[in-house]
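These notes are about the structure you will find just below.
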Amino acid sequence: MSTPNDDLMAKLVALCKRRGIIFQSSEMYGGINGFWDYGPKGAPLKRAVEQLWWKYMVEERDNVEGLDSTIICHPEVWRASGHLSQFSDMMTDCTVCKKRFRVDQMEDPNTCPACGAKAMTPPREFNLMMKTFVGPVFDEEHAAYLRAETCQPIFVDFNTIRVASRQKLPFGIAQTGKSFRNEINPRNFTFRSREFMQMEMEFFCHESESMDWFDYWHQERWNFYTKILGIPEEKLRIHWHDKLAHYAKKALDIEYLFPFGWDEIEGVHHRGTWDMSRHAEFSKQEQECKYFDQDRKETYFPTVVETSCGLDRICLMLLCNAYDEDTADTKKEGMDEDVRVVLHLNPKVAPVQAAVLPLSKKLEGPAKELYCKLRNSFRCEYDVTGSIGKRYRRQDEVGTPFCVTYDFDSENDHAVTVRLRDAMTQERVPVTGLVQWLTDKIYG
Ligand code: GAP
């Protein structure tokens, strides 16, 4: 039996396809499990979130540098990081229905969650790294791996970046980009995908200061979700890891209350000196991995505090948080009562921030002119087809916070009607002040 929350996910998935937000990759071939495409209304949302993260984590800080590394690195990187030997899940197959499961996600490892048969194979290790070959020969010597996390190239590039940017410890290096994991069981829409975007920052410091930096980044990341993205605090929580990696001193997940339950959107990890010492050992380039601290007169492996989040998960959180259906309010706009599907997205991340809707095709000239002016400052859409009510509904479904209607009075009073998505109220705004009005509402 489906629960109301299963329904919510099903409705969200359907809306995302209908409105070109997110849909299955290669759908005409039946799709490919764990891969998702972001359409005309999903790509701008994703970019907006990534830009907010970059601004908050890199551009507004003097002690964090940016990186854009390759997806494929030297295979030794993954041997040093431990991914080739340890980055695996235990899996088991049902010998009846042939489905495959992660053992740690099963209630009873002896019973198939899909068909109920008690015919599971003994659990065995399954490495999650995606493999490819570099060059014309497809043998082990030419094997390479798609990165499973964006942070490893940061460790490898640490010294080059430090020297080039003239940074002293403590400082951080951040990057956003694709990661790949051959997940056994991709699920919950984009939540667990096989190709996904990570946004990671590795902060390098002296061991004695690392706990303070951990607390600092914990707070900063919490603020990003609550203050920058506007997620209500009661829908977020901190989950402290009780089982820590042998090198780690502290680790936490920031979790969001998804329709399918509390789950992780970000990890803040104290990684100790593990990564830097492993890369020193495997590359035999210790000088690239250590730091001479002039103030302390000491050479040491930096201790790393990491903040690591998934962009796709953040977008899914924003969509789940924004999805709403209301009925009575449609009456306010003089229509019959019906269900209004609306995404109450934060205007900073909405794929369309302002839609320009001429009341009549006769007003297309000046309305288009206004649209061309607004799109220099905001993500805009121009829509002239259908009744004004239908056009509002379409914009509601993609979360457009402001609909700007150009009407016959606009010709005389040089003002437009702005309709607010959430309050469903309307304001008359002079055309000359419209850019400032929208700027204040969106970014103020
Ligand atoms: N460098 C540390 C690291 O990668 P992780 O907990 O494995 O840590 C960090 O991943 C974040 O990356 C997660 O909190 C999640 O947001 C995102 N992530 C991980 N696996 C994912 C997947 N299969 N699909 C989507 N996002 C994923």
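The values are calculated or read from the model by the stated rules, or taken from the named source; none is laboratory data. In this text the structure is predicted, and so the values were computed from the model without any measurement. Cβ atoms come from the backbone with ideal geometry, glycine included; neighbour counts cover every protein chain shown. Accessible surface areas use protein heavy atoms only, side chains included; no ligands, DNA or RNA. Shrake-Rupley method; radii C 1.70, N 1.55, O 1.52, S 1.80 Å.
Some observations on this one:
- Each residue, VAL134 and MET211, gets one label point 7 Å from its Cα in the Cβ direction; the gap between the two is 4.1 nm.
- Choice from ARG124, ARG421, ARG19 showing the highest fluctuation, given a GNM over the chain with Cα pairs closer than 10 Å: ARG124
- Whole-Hz couplings from phi, Karplus 6.51/-1.76/1.60, listed for the stretch 60-71; x for Gly and Pro: 8, 10, 7, 10, 9, 9, x, 9, 9, 8, 6, 7
- Peptides ranked, highest mean first, by Cβ atoms within 10 Å: ranges 26-35, 391-400, 184-193: 391-400, 184-193, 26-35
- Between helix 274-283 and the chain there is an angle of about 60 degrees, using the helix long axis and the longest principal axis of the Cα atoms.
- Euclidean distance of C-alpha centroids, the stretch 397-420 and the stretch 79-134, integer Å: 55 Å
- Note on the chain: with neighbouring protein chains present and a 1.4 Å probe, carbon and sulfur make up 51 percent of its accessible heavy-atom surface.
- Principal-axis analysis of the Cα atoms of the chain puts helix 434-443 at an angle of about 40° to the longest axis.
- Over the chain, DSSP H runs of length four or greater, each weighted -39,500 (n - 2.57), average out per residue to a 222 nm ellipticity of -8000 deg cm²/dmol.
- Tilt relative to the chain, helix 364-374 - C-alpha long axis, 0 to 90 degrees, to 10: 30 degrees
- Close amide H contacts of ARG192 (hydrogens built in the peptide plane, cut-off under 5 Å, sequence separation of 5 or more or a different chain): ARG187.
- Ranked by the mean number of other Cβ atoms within 10 Å of their residues, highest first, the peptides 338-351, 255-268 come out as 338-351, 255-268.
- Partners for LYS98 among lysines (Cα-Cα distance below 23 Å; same-chain residues under 8 apart left out): LYS118
- Ranked packing of 229-240, 352-363, most packed first, by mean Cβ within 10 Å: 352-363, 229-240
- Size descriptors for the chain, from the alpha-carbon set: Rg then Dmax equal 25.2, 78 Å.
- Global form of the stretch 92-196, assessed from the alpha-carbon gyration tensor, a/c cut-off 1.5: prolate
- Estimated FRET transfer efficiency when R0 is 41 angstrom, pair LYS168-CYS372 (beta carbons, to 0.05): 0.30
- Cα gyration tensor, the stretch 1-116 - rounded (a/c under 1.5), prolate or oblate: oblate
- Between GLN219 and THR70, the distance separating the two model label sites (each 7 Å from Cα on the Cα→Cβ line) works out to 4.1 nm.
- For the stretch 129-135, putting each phi into the Karplus relation 6.51 cos²θ - 1.76 cosθ + 1.60 with θ = phi - 60° gives couplings of 6, 8, 9, 8, 10, 10, x Hz, in residue order, rounded to whole numbers and with x for Gly and Pro.
- Selection from PRO358, VAL342, GLY267 lying farthest towards where the dipole of the stretch 248-405 points positive, charges on Cβ: PRO358
- Cβ-Cβ FRET estimate between ASP326 and GLN426, R0 fixed at 22 Å, reported to 0.05: 0.80
- Prolate/oblate/rounded call for the stretch 222-325, Cα gyration tensor, a/c under 1.5 rounded: prolate
- Accessible area per residue for the chain is 47 Å², calculated with a 1.4 Å probe on protein heavy atoms, without ligands, DNA or RNA.
- Among GLN294, SER283, GLY42 the positive-end extreme of the charge dipole of the chain (Cβ point charges): GLY42
- Karplus (6.51, -1.76, 1.60) ³J(HN,Hα), θ = phi - 60°, over the stretch 14-26, in Hz, Gly and Pro reported as x: 5, 4, 4, 6, 4, 9, x, 8, 9, 8, 4, 6, 6
- Among ASP62, ASP383, ASP312, the largest mean-square fluctuation in a Gaussian network model of the chain, built with springs joining Cα atoms closer than 10 Å, belongs to ASP62.
- Anchor LYS250: lysines whose Cα lies under 28 Å away (excluding residues fewer than 8 positions away in-chain): LYS55, LYS168, LYS178, LYS227, LYS235, LYS290, LYS297
- For LYS250, distant residues with modelled amide H under 5 Å away: HIS270
- Segment ILE228-GLN86, length gained on full extension (0.36 nm per residue, minus Cα span): 47.5 nm
- Taking a straight Cα-Cα cut-off under 18 Å and skipping sequence neighbours fewer than 8 places away in the same chain, the lysines within cross-link reach of LYS373 are LYS441.
- Residue list for the stretch 377-407, given a label point 7 angstrom along the Cα-to-Cβ vector of LYS361 and an amide N cut-off under 11 Å: 385-386
- Placing dummy labels 7 Å off each Cα toward the beta-carbon, the span from GLN294 to ALA119 is 7.1 nm.
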